[in-house]
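As structure tokens, the structure follows; a few thoughts come after it.
The values are calculated or read from the model by the stated rules, or taken from the named source; none is laboratory data. None of the values given here were measured: they were computed from a predicted structure. Note: ideal-geometry Cβ built from the backbone for every residue, glycine included; neighbour counts use all protein chains shown. For the accessible areas, the whole protein counts, side chains as well, though only heavy atoms, and no ligand, DNA or RNA atoms are used. Shrake-Rupley method; radii C 1.70, N 1.55, O 1.52, S 1.80 Å.
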Amino acid sequence: MSFFDRVTGNKTSKTELSVEDAKLVDPKFSAKSFFKLGFAKLGVICRVNLFMLLLVLPIVFTLFGIAGSFFGKQIADLTTTPTSHLYSHYNGISAYENSASLDVASTAHSIITTVNVDNVATIILKCIGLIVVFTFGPLNVGCAYVLRNTIKEKPVFPWHDFFYAIRKNLRQSIIFGIIDLIFLIAIPYSLMWYYTRAFTFSMKMLLFAMIIIALLYLIMRVYIYLMIVTFDLSFRKLFKNAFILSSAGIKRSFVMVIGVSVLLIISVYLYILLKSLGVLLPCIFTVAFGMYICYYCAYPVVKKYMIDPYYDNEGNPKEAQEQQSV
């Protein structure tokens, strides 16, 4: 009930109150609405974080395979070998030449250690990590669908909505997930390559250009996942529209980058100051909250340029309504 209604004694109907009070997000998708919605839907965000842990499980098994042990139980075969790679060279030289300095060097490099040797079990564990190639895209699509519905303030059933989005967009999500992984691996490698060679002005400019390209792609991928769960578009249109939306919504894209950067800085400081909390938070909250920041910034741009001009509030095409009215 507004202040005017209180003064005049007018009463607003219960239906109007319930609809008005239920809206947490204002039409401008402001920062105030961001925190109101995030606090109200904290449980949903934590569930989305749980979904992203499914992505980590295959990687954990791969790490077990690399370590050669599974919860303290040795699974890899063991063998002994010199710790230094130069031992074989000194050993070969000593077969043809004898000297005190050579003996000292050979002895220094002949320290023996125990190392793991792959067997069937460790190879299987390492190969399990390859599952990520095929699950990365679907998991991101499922989380994007749940968070998009949360931002739209639609009824959310996290587990049902998550798997529904994956079933509906399985083929496209797998293909783009592979493309996305390739870019996410190539970007850090390229940045490090240019950074280590940035001694001249031209290389510094190339490094700066690579940083811009990396930021642009990281923003575009948010729009791409959002469009996959919202529209039926080809890959060419997904990339084209993502580039246009990233440019058209440059203010919100800038806020997206700043928000995620602040979240990462806070996470790093928490890990340094309170290591136990710093390790626990990414497992229950931080990853999904970063995704929530991205989609909250991106969805209003998609809504403004791709939904509002062509669809009504119920999701029906406006062109069909105009033809029916004629």
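Residue by residue, here is whether (1) closer than 30 Å to residue 162 by Cβ; (2) modelled with pLDDT under 80; (3) out of contact with any strand residue (DSSP E or B) (no Cβ under 6 Å at 6 or more places or on another chain); (4) hydrophobic (A, V, I, L, M, F, W, C) holds:
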| residue | (1), (2), (3), (4) |
| --- | --- |
| 87 | no, yes, yes, no |
| 99 | no, yes, yes, no |
| 114 | no, yes, no, no |
| 117 | no, yes, no, yes |
| 128 | yes, no, yes, yes |
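For the structure I just gave you, tell me whether residue 139 is assigned to a helix (DSSP H, G or I) and at pLDDT below 65.
no
In the stretch 164-177, is there at least one residue being more than 29 Å from residue 138 (Cβ to Cβ) and either buried (at least 17 other Cβ atoms within 10 Å of the Cβ) or in contact (Cβ under 8 Å) with a residue 40 or more places away in the chain (or both)?
There is no residue in the stretch 164-177 that is more than 29 Å from residue 138 (Cβ to Cβ) and either buried (at least 17 other Cβ atoms within 10 Å of the Cβ) or in contact (Cβ under 8 Å) with a residue 40 or more places away in the chain (or both).
Within the stretch 20-34, does at least one residue satisfy the condition of being at pLDDT 90 or above and open to solvent by 40 Å² or more (accessible area, probe 1.4 Å)?
So far as the stretch 20-34 goes, yes, one or more of its residues are at pLDDT 90 or above and open to solvent by 40 Å² or more (accessible area, probe 1.4 Å).
Restricting to the stretch 197-235, and then to whatever is more than 21 Å from residue 147 (Cβ to Cβ) and assigned to a loop (DSSP other than H, G, I, E, B), can you tell me which residue is least open to solvent (accessible area, probe 1.4 Å)?
In this case the residue turns out to be 198.
Sort out for me the helices (runs of 4 or more DSSP H) sitting completely within the stretch 262-326 that have 3 or more residues that are open to solvent by less than 80 Å² (accessible area, probe 1.4 Å) and modelled with pLDDT of 90 or more.
Here the list reads 287-302.
Residues checked against (1) within 16 Å of the chain's Cα centre (by Cα); (2) under 27 Å from residue 49 (Cα atoms); (3) open to solvent by 80 Å² or more (accessible area, probe 1.4 Å):
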{"residue": "133", "(1), (2), (3)": "yes, yes, no"}
{"residue": "136", "(1), (2), (3)": "yes, yes, no"}
{"residue": "182", "(1), (2), (3)": "yes, yes, yes"}
{"residue": "186", "(1), (2), (3)": "yes, yes, no"}
{"residue": "190", "(1), (2), (3)": "no, no, no"}
